[in-house]
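K.L.:
Dumping the structure here so I can ask a few things about it.
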Amino acid sequence: MSGDAVVTEIDHDEFNPRGTLALILVYFAILVVMWVFMYFVEFLGNDLTVIG
Amino acid sequence: MSSAIESGEPTFLDRFPQEAKVVRSALWSSFIALTLGALFGIIQTLHRTDVLRVFSSGNYYTILTAHGVLMVVSFTIFFLVGIYTWAVVRSLDRPVEDIRYTWTWYGLMVLGTLMALVAILGGFIDSIDISADVLFTFYAPLQAHPLFYGGLAIFLIGTWLAGADWFRSWYAWKQENPGERIPLQTFMVLITMLMWYIASIGITIAVVIFLLPWSLGIIDQVNPLLTRTLFWFWGHPVVYFWLMPAYLLWYTVLPKVSGGRLFSDPLARVVFVLFLLLSTPVGIHHQYLDPGIADGFKFIALTNTMFLLLPSLLTAFTVVASMEHGARQRGGTGLLGWLRALPWANPAFTGMALAGLMFAAGGFSGMINAGLNINYLVHNTLWVPGHFHLTVGTAVALTFMAATYWLWPQLTNKPIFSRPIALAQVILWFVGMALMSNAMHVAGLIGIPRRTAEPQYDGFDFIPTFGSIAELDLQLVVGGTLLTLSAILFVSNLVLSISLPKVSGLGQPLPPALSGPDDAPKVLDNLKLWTAIALVLVILAYTLPLASIVDRGGLFGPGGTPYPTMIEFGSTLLEIYTPLTTDWISGWLQ
């Protein structure tokens, strides 16, 4: 099933996974934004639930 | 359709017809469990949201247990034994040593499943005294009929014998190929099974020494915290027992269907070794809210868990790089433009790629669960099922279904009945899960509980930060319905494939890695070393917590907790089992 439409063979030394690096940086950026978002929503947005 | 997928190569069925039959049987068992599990899934979705209640809420735990056990024990593990048999036979290029032995472990697994299923379904019939409404997390104080624990034990023995079968194949291969590196797929299988054997120690002790005798009435009570801790000793590594076959498929099959080659064989080996080391000494992270376990022990579990993110992040890199390699070989260009060159019309590729994408989201919610403090926010809420429907429910399940579209023709010499339906099916699963899991996560954040038949309360309303409960329920119902439809399409497509005529040349050989096994340090293949380190980590993580639990709560529950613990442990065992053994022997002699 597909996977056979190879137009050019790329060997180990020619391959530089720049696109993968870009995607992983995007993922890390999302993680950082969500952590920051969580801090505001879940901690600053709520009153203390354990008192004295 | 068939001309597009013919490569002229002989298939697995052509080369190993007896083994192909075992693999097909295991996969059918898996898919039957998926179908039944999906049925119980949609019943509880409609029940919880109060859209349609076909059973009384008193039966909710029966339904939930059936859904959980069928999906995460039967569906996943039957698929695992099928795919691992294929992987070992294929990568060692030799048949199993004794096909009768192979059928024996498969038969044991089927027998164990049927026994457990009878016990679970007995919960629907009030007139018979059999039930197992204990959920997948079957620790005390919930108690099941002995048939459930017995079935579970037989099923587990089946999986151990399956592992022995694969080790036997490897050993025979090694005698004929001295000094050769273990082929990658076999390496992954062996590492998975080593992890499984270590993990099984916990559940074996829990079932054989505590839960089964308790259920049979031989002992009156158990220490619930001890059985919980022993359950999670096994219950977390079982998560990796589900995931590692999916990883095997991502590392060895996904690069092929992407049109490329695996980026790095050594990195794949490192990832599996890390799973062997770190999967087990983390179980206490499921017990952050359990009183009776000191925070220090929980902190150790937290640290190990955070290290466990490493192999998954390594996988994200290696697998995406392998896909990028395929895309660039297919003519893709640009920093992200190569994504368009991937074979999105191929259901095997699209399913596995979407499963990986969902896993990235599951990784985030997993990090929340793993955090000692933020876990308090989501513990026992619907967030947690939201999380594991992304991981086992999509990363694993969708990968299994997508890989089936690639593998099935090679096991049957028949093409898949309809590729467009297959493509629609994997997309439906992704969309359905996106809706359902999102609703579960949000519902969990506002405190809606899990494992609850009727989370609607008089005089109290959950207040969402945005939207409404009705919207969340709608997402749950629509998502659950799409998932059920997707499961039906998947199984129907395979059933309809049976009627197609056989064709030849459907074989799909797997290409070697870009960076092959020769680039990997030889120490990676030293299975004894990694097993020993894994055992040491387990001993470090569990000895003190277990001793403390027994010391405080007693081996068999409240009462009698003299110091030192280990003497108490031994003497209690002797006290209980010596008269039993004596009775049994004297009875047998008469």
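The values are calculated or read from the model by the stated rules, or taken from the named source; none is laboratory data. Treat the numbers as computed from the prediction; the structure is a model and nothing was measured. Cβ placement follows ideal geometry from the backbone for every residue including glycine, while neighbour counts extend to all protein chains displayed. Note: accessible area is taken over every heavy atom of the protein model, side chains too, but ligands, DNA and RNA are not part of it. Shrake-Rupley method; radii C 1.70, N 1.55, O 1.52, S 1.80 Å.
K.L.:
Out of residues 5 or more away from residue B:515 or on other chains, whose amide H comes under 5 Å of its own, with H placed 1.01 Å from N in the peptide plane?
P.N.:
Amide H neighbours of residue B:515, under 5 Å, 5+ apart: B:264, B:265.
K.L.:
Let me ask something additional. When the Cα centres of segment A:8-34 and segment B:1-73 are compared, how far apart do they sit, in Å?
P.N.:
So the separation of the two Cα centres works out to 34 Å.
K.L.:
Assign one of three labels to segment B:287-432, namely rounded, prolate or oblate, based on the Cα gyration tensor with a ≥ b ≥ c the square roots of its eigenvalues; rounded applies when a/c is under 1.5, prolate when it is not and a/b is larger than b/c, and oblate otherwise.
P.N.:
prolate
K.L.:
Here's something else I'd like to know. Can you tell me the convex hull volume per residue for the protein assembly as shown, based on C-alpha atoms, in Å³ to the nearest whole number? Spell out each step's value before the answer.
P.N.:
Values: hull volume 117.2 nm³, N = 642.
Measuring per residue, one finds 183 Å³ for the Cα hull of the protein assembly as shown.
K.L.:
Just the number please: accessible area per residue for the protein assembly as shown, 1.4 Å probe, all protein chains included, in Å².
P.N.:
Values: 26220 Å² over 642 residues.
That works out to 41 Å² for each residue.
K.L.:
Between residue B:128 and residue B:431, what is the label-to-label distance in nm when each label sits 7 Å out along the Cα-to-Cβ direction?
P.N.:
With each label placed 7 Å out from Cα toward Cβ, I get 4.2 nm.
K.L.:
While we're on this one: Excluding same-chain residues fewer than 8 positions from residue B:502, which aspartates and glutamates have a Cα within less than 16 Å of its Cα?
P.N.:
Hits, sequence-local ones excluded: B:6, B:9, B:14.
K.L.:
Return the FRET efficiency for the residue pair residue B:39, residue B:499: r is the Cβ-Cβ distance, R0 is 35 Å, and the value is rounded to the nearest 0.05.
P.N.:
Between residue B:39 and residue B:499 the formula returns 0.90.
K.L.:
Here's another thing I want to ask about it. Along each of its three principal axes, how wide is the spread of alpha-carbon positions in segment B:318-402, in whole angstrom units, largest first?
P.N.:
That works out to 49, 27, 16 Å along the principal axes.
K.L.:
Pairs of alpha-carbon atoms within less than 8 angstrom and 6+ residues apart define the contacts here; what relative contact order does chain B have, in percent?
P.N.:
So the answer I get is 19 percent.
K.L.:
Ok, one more. How much of the accessible area of chain B, probe 1.4 Å, is carbon plus sulfur, in whole percent?
P.N.:
Answer for chain B is 68 percent, counting heavy atoms of protein chains only.
K.L.:
To continue, here is another question. When the Karplus curve 6.51 cos²θ - 1.76 cosθ + 1.60 is applied with θ = phi - 60°, which whole-Hz ³J(HN,Hα) does each residue of segment B:452-464 get, with x for Gly and Pro?
P.N.:
9, 5, 10, x, 10, 10, 6, x, 8, 10, 6, 10, x
K.L.:
Calculate for the protein assembly as shown the 222 nm mean residue ellipticity that helices alone would give, adding -39,500 (n - 2.57) per DSSP H run of length 4 or more and normalising by residue count, nearest 500 deg cm²/dmol.
P.N.:
-21500 deg cm²/dmol
K.L.:
How long, wide and thick is chain B, going by the Cα atoms along their three principal axes, in whole angstroms, largest first?
P.N.:
Answer, in whole Å and largest first: 71, 64, 47 Å.
K.L.:
At a probe radius of 1.4 Å, figure out the B/A buried accessible area, summed over both chains, and give it in Å² to the nearest 100.
P.N.:
The summed interface area works out to 3100 Å².
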